[in-house]
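The values are calculated or read from the model by the stated rules, or taken from the named source; none is laboratory data. Worth saying up front: this structure is predicted, and the values here are computed from it rather than measured. We place every Cβ from the backbone using ideal geometry, glycine too, and count neighbours over all the protein chains shown.
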Amino acid sequence: MSTEVDEREVAMAERIDTRSRGRRLLPPVLAAAATVGALGYLFAVDPNEPGHYPLCPTKAFLGIDCPGCGCMRGLHSLAHGDIAGAADHNILLLLAVPFVIVLWVRWLMRAWRGVTPAVSLRTLRLRNRAMIIALVAILVFGVIRNFVPYLGSAA
């Protein structure tokens, strides 16, 4: 009989948050309120007009588009219902927005229930792989967008 634990059985224990529901919901609700406030400001103040927002440091110092260049203009376009304009400014934005919304909803549901489910070692490995793939994809996009004209931030 082996004393080593099978790695498939190793998991983080389920965590139960004993704080009140209102206290648990405070962080995701405040994050949503801050996001709505920032989007409201972005809706009202056009980032396409110079002088309202600072320049992207990568664009200012190196003269190239970083993977995030065009996100503010893209969010401004999305706030006004212009999906094509948002895609023109930064195509990754259209992929990131639904993903961020799903993550926020999961955060809100976990805060509502007060339970963080157990995570297996296999799930942790899958998350790490997904994060590495996402980072590589963002870096590749950042390089390619500076060589393919229609992928630029359309500034």
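Things to note:
- Test for Arg110: is it under 30 Å from Leu25 (Cβ atoms), of a type outside the set (Val, Ile, Thr) and free of Cβ contacts under 8 Å to residues at least 40 places away in the same chain: yes
- Some residue of region 33-47 being at pLDDT 90 or above, of a type in the set (Asp, Glu), in a loop (DSSP other than H, G, I, E, B) and out of contact with any Asp or Glu (no Cβ under 9 Å at 6 or more places or on another chain): yes
- Residue match in region 81-101 (condition: of a type in the set (Asp, Glu) and without any contact (Cβ under 8 Å) to a residue 60 or more places away in the chain): yes
- Filtering region 1-32 to residues that are modelled with pLDDT under 65 and not in a loop (DSSP other than H, G, I, E, B) leaves only Ala11.
- Counting only helices (runs of 4 or more DSSP H) that fall entirely inside region 68-153 and contain at least 2 residues that are surrounded by 11 or more Cβ atoms within 10 Å (Cβ to Cβ) and either touching a Cys at 6+ places or on another chain (Cβ under 7 Å) or at positive phi (or both), no element qualifies.
- In the condition set (1) loosely packed, with under 12 Cβ neighbours inside 10 Å; (2) within 30 Å of Ala118 (Cα to Cα); (3) at pLDDT below 95, Pro57 is compliant with all but (2).
- Qualifying residue in region 19-31 (condition: basic (Lys, Arg), within 25 Å of the chain's Cα centre (by Cα) and under 15 Å from Gly114 (Cβ atoms)): yes
- Pairing each residue of region 14-28 that is under 29 Å from Leu121 (Cα atoms) with any residue that is part of a strand (DSSP E or B) and polar (S, T, N, Q), provided the two are 6+ apart or on different chains, yields C-beta distances under 6 Å for Arg15/Thr116.
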